[in-house]
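Trainee: If you scroll down you'll find the structure; I have some questions about it.
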Amino acid sequence: MKLYLTPGACSQAPHIAALELGLPVEAVKVDLAKHTLPDGSDFYKVNPKGYVPLLVLDDGTSISEANVILQYLADQKPGTLAPAFGTLARWKLMELLGFIATEVHKGFGVLWNPATPAEVRAAAIDRLGTRFDLLAGTLAKQSYLTGEAFSIADAYLFVLLNWTKIHKIDLARWPALTAFQARVAARPAVQATLKAEGLSK
Ligand SMILES: N[C@@H](CCC(=O)N[C@@H](CS)C(=O)NCC(=O)O)C(=O)O
């Protein structure tokens, strides 16, 4: 399998999942500024959507969308980072992944655009804050989003929370989120992912 990724981008979530699961995934770095691959070729030829993450299976099948790639990877080792399909626990995990993808991940969207006016930026940060309130409420009661065991939802949220530094969103208001960040960061597979992406020593 090949995982197309950009260091620190949302593609880091499936990268963490792959390392947590010990799956044989080859990481291919994408330059998102130019949409090119390490050999200079056009990334749009591999993924017409132009974005990471993209997972390409050994038979050539491509899977895109972070929350789906995460589930595909988790299902290679059932019962580890996601409950089995068809169980209520899986539907609850999918609910969480949908929330993280559409309310948190895409909530950052306008913040990446330097042309976004200050008031739009402030409104987006306020809105993200209401989502953080909900997530912090859960994480004040348990170590991870689905309970005491780490799941793909945690990998996804961890990566997005790291973006708050870039956008100068102070997480001090949500001690449960900063404690969660530290808890996830301490995981050996997360350390290994950050190192592989060149983001730590
Ligand atoms: N809907 C996609 C969005 C992925 C996405 O936003 N990727 C960003 C990096 S975090 C990206 O590659 N942006 C570059 C671009 O869209 O050209 C998903 O959920 O996986």
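Trainee: With no solvent and one point per C-alpha, what does the Debye sum give as log10 I(q)/I(0) for segment 5-99 at q = 0.22, 0.25 Å⁻¹?
Mentor: Taking Cα atoms of segment 5-99 as identical point scatterers yields -1.14, -1.35.
Trainee: What are the principal axis extents of the Cα atoms in segment 88-187, in Å, biggest first?
Mentor: Projected onto the principal axes, the Cα atoms of segment 88-187 cover 41, 26, 21 Å.
Trainee: OK, next. GLU148 to MET94: FRET efficiency via 1/(1 + (r/R0)^6), r the Cβ-Cβ distance, R0 25 Å, to the nearest 0.05?
Mentor: 0.80
Trainee: Rounded to the nearest 500, what is the 222 nm mean residue ellipticity of the chain from helices alone, with -39500 (n - 2.57) per DSSP H run of 4+ residues and division by all residues?
Mentor: When only DSSP H runs of four or more count, the value is -14000 deg cm²/dmol.
Trainee: Further, regarding this structure: Sticking with the crude label model, points 7 Å out along Cα→Cβ, report the distance from LEU57 to LEU32 in nm, one decimal please.
Mentor: 2.6 nm
Trainee: Could you work out Rg/(2.2 N^0.38 Å) for segment 118-158, with Rg from alpha carbons only?
Mentor: Rg over 2.2 N^0.38 Å, computed on Cα atoms: 1.41.
Trainee: Which distance in nm do the two modelled labels at ALA185 and LEU23 give, with both placed 7 Å along the Cα-to-Cβ direction?
Mentor: Taking the simple label geometry, ALA185 and LEU23 are separated by 2.6 nm.
Trainee: Hey, how many Å between the Cα centroid of segment 152-201 and the Cα centroid of segment 1-67?
Mentor: 20 Å
Trainee: Here is a follow-up. With each label point set 7 Å from Cα along the Cα-Cβ vector, what nm distance links GLN76 and LEU199?
Mentor: Here the answer is 2.0 nm between the modelled labels.
Trainee: Which helices, taking whole DSSP H runs in the chain, have alpha carbons extending 18 angstrom or more along the helix axis plus mean Kyte-Doolittle at least -1.0?
Mentor: Taking the DSSP H segments of the chain (at least 18 Å long, mean hydropathy at least -1.0), we get 118-139, 152-166.
Trainee: Something else now. Note down the magnitude of the dipole of the chain about its Cα centre, charges +1 on Lys and Arg C-beta and -1 on Asp and Glu C-beta and zero elsewhere, to the nearest 20 debye.
Mentor: 420 debye
Trainee: Build a GNM of the chain with springs between Cα atoms under 10 Å: which of GLU119, GLU20, GLU103 gets the top mean-square fluctuation?
Mentor: GLU119
Trainee: Tell me, what does the Kirkwood hydrodynamic radius of the chain come to in angstroms if you use every pair of distinct C-alpha atoms?
Mentor: Working: mean 1/r = 0.0573 Å⁻¹.
One decimal place: 17.4 Å for the Kirkwood radius.
Where a number appears in this text, it was derived from the coordinates with a stated rule and is not lab data. These numbers come from a predicted model, not from an experiment. A quick note on method: Cβ atoms are made from the backbone with ideal geometry, for glycine too, and the neighbour counts reach across all protein chains shown.
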